[in-house]
Amino acid sequence: MLAVLLLLAVASLAGTGLQSIGLQAGTATAAGSDACPGKPLVMGTSPDYPPYENTDAKNGGDIVGLDIDIAKSIAAKLGCKLEITGMDFNGLIAALQTNRVDFVMSGMSVTDERKQSVDFSDTYYAARNTIVSKKKNAYETLEQLDGKRVGVQLGSTQENAVAGLKDATIKKLNRIPDLIQEIKSNRIDAAIVEDAVALDAIVANPDLAITMLPAENAQEGYAIAFPKGSALTPAFNEALQDMDASGEKQAIVEKWFGKHEAVTAGKHTIDFSTLNGYTSYILRGVFVTLLFTIVSALLGFIWGTVLSLFKLSTVKPLVWFATVYTSVFRGTPLLLQLVLIYYATPQLTGYDIPPLMAAGLAFGLNSAAYLSETIRGGIMAVDRGQREAAMALGIPYRTMMISIIFPQAVKNILPALVNECVALIKESSLVSVIGVTDLLRRASVVQAANYRALEPLLFVGAIYYVLVLILTSLARLLERRLRRSD
């Protein structure tokens, strides 16, 4: 529990992908007073879709874009505070259904399939599908993509646009920058994306070309998604109508659709100068990674010790519990456990568990299953004669375990404990799937900004390696000290 309390105390300082924006209108509307009764509105978005939403890594890491400005304006009109949380696009609907967010605004198109799961506001922007490909082999029609390798964003309406292609290999990825990278790496021939996003991509990548598809391939339009039966829907529709009437929404559209920052993305050599302005943003992820690792290791060690004692107990129910627990957590994927804890906790208990806390619990509970066997082996490796001597002297069992047996067991299993901590540092990259801005998530943000994957990934890989070297060096010093104390 100490680990959990520590995680709760510092999660708000760790940059878990949550952006809080205080917006207070001078006079809240009647709808607004019902929209946020004593709590902020939480918006879910996938910040890798410029100009609609992306992370401004060079200027503090805030999420910015067309959707963000519209959401801020609506929140102000309703007299509400706004919080923005970033996650992968394919997790947005699940976040709505589990009440992790109040609404989703992420360039999401209205489809019949989505209408079965969520409610939509009025359309606030209509876009057209676009083919993105290399200039030297540009495609002008969907028919030309028959038999080709075509990429689309997972969970997007572009999946429907390519459904009729003949003999085409469809590759579905979570993020638009990954699709652009696949085209540049010749892993796919083309990608279908929305027009404004395509324009942003070719400004940053002059070796690419785009072709607007005919109007019959146009999307139904982007809208704001809400949980089924949400009272926010009419209030947001009223605010959107006010923005239309005043011209405010059109001004926001013109602001972002005319904003394209050219970056050097066409080079084939390694150029670390492309990280200028981003290094401080990436390095802030070290704190998140270390915090997560320390808390997970602490929770895993404490709970693993308890489980090992359960397994050594003569009380059968405790032995059965520890055995089943270990079997379940070692027999299911860690990523599945992480996602279950993050999404199932609010659905089953009503508690909106913070992403970093969910990650700490998942990794700590999983680590405990492995450490319980390691600790049990260490305890059993201690000479049995020491237990018999302690019992002959009348030393209580608890005192014997804490003062005599356990210190020797820890000394024996110290290399295994260090290996577990090293594994936690490296596996911490999995937490990016629930929006925790750790090192790997920040590298992905930089890749989305400059369309270069190698440099940020190498930089983050070097940071992970240095962290592991520091940990192993400290472990060697501790081992030498323990040997001298024998």
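Can residue 409 be described as in a helix (DSSP H, G or I), out of contact with any Phe, Trp or Tyr (no Cβ under 8 Å at 6 or more places or on another chain), surrounded by fewer than 17 Cβ atoms within 10 Å (Cβ to Cβ) and in contact (Cβ under 8 Å) with a residue 24 or more places away in the chain?
Criteria not met by residue 409.
Inspect all residues belonging to segment 191-203 and state whether any of them is under 28 Å from residue 240 (Cα atoms), in a helix (DSSP H, G or I) and free of Cβ contacts under 8 Å to residues at least 24 places away in the same chain.
no
Criterion first (at pLDDT below 85 and outside any loop (DSSP other than H, G, I, E, B)) does residue 90 satisfy it?
yes
Please pick out the residue among 391, 401 that is over 30 Å from residue 100 (Cβ atoms), buried (at least 16 other Cβ atoms within 10 Å of the Cβ) and not β-branched (Val, Ile, Thr).
401
Would a scan of segment 388-396 turn up a residue that is within 17 Å of residue 309 (Cα to Cα) and either assigned to a helix (DSSP H, G or I) or under 40 Å from the mean Cα position of the chain (by Cα) (or both)?
Scanning segment 388-396 turns up no residue that is within 17 Å of residue 309 (Cα to Cα) and either assigned to a helix (DSSP H, G or I) or under 40 Å from the mean Cα position of the chain (by Cα) (or both).
Would you mind stating whether residue 307 is surrounded by 18 or more Cβ atoms within 10 Å (Cβ to Cβ), over 20 Å from the mean Cα position of the chain (by Cα) and touching a residue at least 60 places away in the same chain (Cβ under 8 Å)?
Values: surrounded by 18 or more Cβ atoms within 10 Å (Cβ to Cβ): yes; over 20 Å from the mean Cα position of the chain (by Cα): yes; touching a residue at least 60 places away in the same chain (Cβ under 8 Å): yes.
Considered against the rule, which asks whether it is surrounded by 18 or more Cβ atoms within 10 Å (Cβ to Cβ), over 20 Å from the mean Cα position of the chain (by Cα) and touching a residue at least 60 places away in the same chain (Cβ under 8 Å), residue 307 comes out as yes.
Yes or no, residue by residue, for (1) in contact (Cβ under 8 Å) with a residue 60 or more places away in the chain; (2) in the same structural domain as residue 291 (by TED's automatic domain parsing); (3) more than 30 Å from residue 460 (Cα to Cα):
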residue: 371; (1), (2), (3): yes, yes, no
residue: 374; (1), (2), (3): yes, yes, yes
residue: 383; (1), (2), (3): no, yes, yes
residue: 388; (1), (2), (3): no, yes, yes
residue: 396; (1), (2), (3): no, yes, yes
residue: 421; (1), (2), (3): yes, yes, no
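Criterion first (modelled with pLDDT of 80 or more and either surrounded by 17 or more Cβ atoms within 10 Å (Cβ to Cβ) or under 21 Å from residue 470 (Cβ atoms) (or both)) does residue 416 satisfy it?
yes
For segment 136-155, give me each residue that is part of a loop (DSSP other than H, G, I, E, B) and not aliphatic (A, V, I, L, M).
Passing the criteria: 139, 140, 141, 146, 147, 148, 155.
Within segment 107-119, does at least one residue satisfy the condition of being surrounded by 24 or more Cβ atoms within 10 Å (Cβ to Cβ) and under 21 Å from residue 161 (Cα atoms)?
Within segment 107-119, one or more residues are surrounded by 24 or more Cβ atoms within 10 Å (Cβ to Cβ) and under 21 Å from residue 161 (Cα atoms).
Can you name the residue in segment 330-387 that is aromatic (Phe, Trp, Tyr) and not in a loop (DSSP other than H, G, I, E, B) and is also modelled with the lowest pLDDT among such residues? Full working, then the answer.
Residues of segment 330-387 that are aromatic (Phe, Trp, Tyr), as a first pass: 342-343, 351, 363, 370.
Those left that are additionally not in a loop (DSSP other than H, G, I, E, B): 342-343, 363, 370.
Working: 342: 87, 343: 83, 363: 92, 370: 91.
This residue is 343.
The values are calculated or read from the model by the stated rules, or taken from the named source; none is laboratory data. Only a predicted model underlies this, so the values are computations on that prediction, with no experimental measurement involved. Heads up, the Cβs are rebuilt from the backbone with ideal geometry, glycines too, and the neighbour counts pull from every protein chain shown.
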